[in-house]
Structures are given as C-alpha cells and as structure tokens.
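Comments concern the structure below.
Taken together, the values in this text are just the output of simple stated rules run on the coordinates, not laboratory data. Fair warning: this is a prediction, and the values are worked out from it, not measured in the lab. Note that we place each Cβ from the backbone using ideal geometry, even for glycine, and neighbour counts take in every protein chain shown.
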Amino acid sequence: MAAQVPPAPALSPEAFLLVFVHHTAPPAGASDPMFGDCERLRVLGRSMLRAAYAAAILNQTHTWSSHSVLQRHLDETLPGFVARWVTAYDWRRKMRAVPLHVNLHDPEETMRIFETYVGAVAAQQPRIPNTAGRMASSAPESRLPRGDDSDVFAWIQTLVDAP
C-alpha cells in the first residue's frame, strides 16, 4: 500500500486561482488586496519555503560541520523535495492556461508551483494585530500572539518527516 500523502493547507478560491493559473497568463483583473499577484506570492513563498525547509532539516539533524555544509545540503536536496511533493499532490495536473511550449516538469516550473503555493498559504494566514502601543505593558493580554507562519513551518516539517 502506498504511503498516504499529508494534506496540504487549504487555499481560498482567490489564492487557488493565483497558484494554479500559469504565471504567463494575463491577469483576470486588478491585483487581489490580500495576495497581490502570483509573482508576489512566489517571492513570499520562496523565502518561507527556504526558512521552513531549513528549520525542518535542522530539527532532524542536530550537527552540521559548518554552515556551508548545511547550505550545500539544503541547496542540493530542496529541488528533489519540491518535485516529490508537487508530484504527490498532482499539482501539475491542476495548472491552467499553460502555454504549449512550457514543460511543467522543468525544475524551475516545478519550484515555481510549490513556492507560489507556500506564498499563498502564508499570505492567507491571519495577520498579527498592531500591538506596538501595548508592548511595554507586562499584562498577559498584551502579549503578541505566536507567529502566524507556524502553519507553513508545521506543514513543511510534516513533509520532511514523511517516509
């Protein structure tokens, strides 16, 4: 029996369209106020993915001989990790408005799909309220909520830990 694929975080309908309509397609209208466009989501997702993947790898392996060894490991393994999960989630099949000359199995296209999805997940999470005026107070109700990027980090950790 094949291993079960961990569920990906759900996307709103607006985010789903931005992720799964090819980036070369003309925009359907004005940029979404929450998400912007697919390029904005990809840039956000790239940063979030690399941070979450590094954290997940560091959670698994506690000793690295140097920063450069860790960085080389991350650079070498991230593309395969992304390709594995884009395939497992069958995201290439969900892509729309893909030009005929585009190969969705190209590593750059595969990375773009995953990065944009991660960016959409991060963008739709609730924002931390403006608490600057209350930060000096030590009352429990004035504490900042836990970072809202934890869903991306937890999801990527689950994928890294998957058999």
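Quick notes
- Those residues of the range 81-96 which are under 21 Å from Pro7 (Cβ atoms) and surrounded by fewer than 12 Cβ atoms within 10 Å (Cβ to Cβ), in sequence order: Asp90, Arg93
- Restricted to helices (runs of 4 or more DSSP H) entirely inside the range 1-116, those with at least 1 residues that are over 18 Å from the mean Cα position of the chain (by Cα) are 38-60, 67-88, 91-94.
Yes/no per residue for (1) surrounded by fewer than 16 Cβ atoms within 10 Å (Cβ to Cβ); (2) touching a residue at least 24 places away in the same chain (Cβ under 8 Å); (3) of a type in the set (Gly, Ala, Ser):
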position	(1), (2), (3)
Gly45	no, yes, yes
Met48	no, yes, no
Tyr53	no, yes, no
Thr61	yes, no, no
Ser66	yes, no, yes
Gln71	yes, no, no
Val98	no, yes, no
